[in-house]
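Please treat every number below as a calculation from the coordinates, not as lab data. Not measured: the values here are computed from a predicted model. Positions of Cβ are generated from backbone atoms using ideal geometry, with glycine treated the same way; all protein chains shown enter the neighbour counts.
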Amino acid sequence: MSDAERNSGGRAHRLAFVQSTWHEEIVDRCRDSFLAEIGALGIHRDDIDLFRVPGAFEIPLHAQRLAASGQYAAIVGAGLVIDGGIYRHDFVAEAVINGLMRVQLDQDVPVISAVLTPHHFHGHDEHATFFSEHFTVKGVEAARACARTIQSLAQLPVKAVA
């Protein structure tokens, strides 16, 4: 039994990491720091499945399917929804965050969000560097939140299925 399985009370023991490929060079920093930190927390890389989707808008559906499979103790979504000066930013950001919360509550599987939704992002070096560094921090935070959530849920009573 892996550390992840022990920490999840014997239930599904794999983790899923779903990331968007929009601004992939920045979002990859989140994935890389997540994998490093989750490994340091005792969860083996072999217990983590990585998924890539076109944009953040596609993350909730993938998270829902993964959660419904019963194979995952937790799912992490990572993406960057930027404000390109059009109203679409707010709509997409709200849809993604609400979608992730809905998956978590409907499927009874933790979904950790590392989806950033900054206003006024520009692709120049200063912003790219800032958000790359911020995503490195978010990956560490997501790994810690993932591990702690799995551990705390394992200590709660399991809801009886009718």
task: Using the number of other C-beta atoms within 10 angstrom as an exposure proxy, rank Asp108, Asp28 with the fewest first.
output: Asp108, Asp28
message: Using a 10 Å cut-off around each Cβ, can you sort Arg45, Arg65, Arg31 from fewest to most neighbouring Cβ atoms?
response: Arg45, Arg65, Arg31
- prompt: ³J(HN,Hα) across region 47-54 via Karplus (A = 6.51, B = -1.76, C = 1.60, θ = phi - 60°), whole Hz, x for Gly/Pro?
  reply: 9, 10, 9, 9, 10, 10, 10, x
field: Cut-off 12 Å between beta-carbons: net charge of the residues surrounding Arg144, Lys and Arg +1, Asp and Glu -1
entry: 0
Under 16 Å from the Ala95 label point (7 Å along Cα→beta-carbon), backbone N, region 22-42: 22
query: Most exposed first by the Cβ proxy, i.e. fewest other Cβ within 10 Å, how do Glu58, Glu25 rank?
result: Glu25, Glu58
